[in-house]
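Student: Dropping a structure here in structure tokens format, bear with me for questions.
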Amino acid sequence: MPYYDYLCDSCGSFTESRPMAESAAPRPCPACGAPPRLARS
């Protein structure tokens, strides 16, 4: 499974291993539960 970098507006970035089909619907931030956005580089 690929790794994706996400950004939480409150906590910063975190990385998650997810199936490619689920990359657009990330789990909440593990620290605060806020919805993150996919980091683009």
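Laboratory data are not the source of any read-out in this text; all were calculated from the coordinates shown. As the structure is a prediction and not an experimental result, all values here were calculated from the model. Every residue, glycine as well, gets a Cβ built from its backbone with ideal geometry; the counts of neighbours run over all protein chains shown.
Residues are listed down the side, and each one gets a yes or a no for (1) more than 8 Å from the chain's Cα centre (by Cα); (2) of a type in the set (S, T, Y); (3) in a loop (DSSP other than H, G, I, E, B):
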{"site": "Y6", "(1), (2), (3)": "no, yes, no"}
{"site": "S10", "(1), (2), (3)": "yes, yes, yes"}
{"site": "E16", "(1), (2), (3)": "no, no, no"}
{"site": "A21", "(1), (2), (3)": "yes, no, no"}
{"site": "A25", "(1), (2), (3)": "yes, no, yes"}
{"site": "P28", "(1), (2), (3)": "no, no, yes"}
{"site": "R40", "(1), (2), (3)": "yes, no, yes"}
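Student: Does region 2-41 hold any residues that are surrounded by 10 or more Cβ atoms within 10 Å (Cβ to Cβ) and aliphatic (A, V, I, L, M), and which are they?
Tutor: L7, A31, A34, L38, A39
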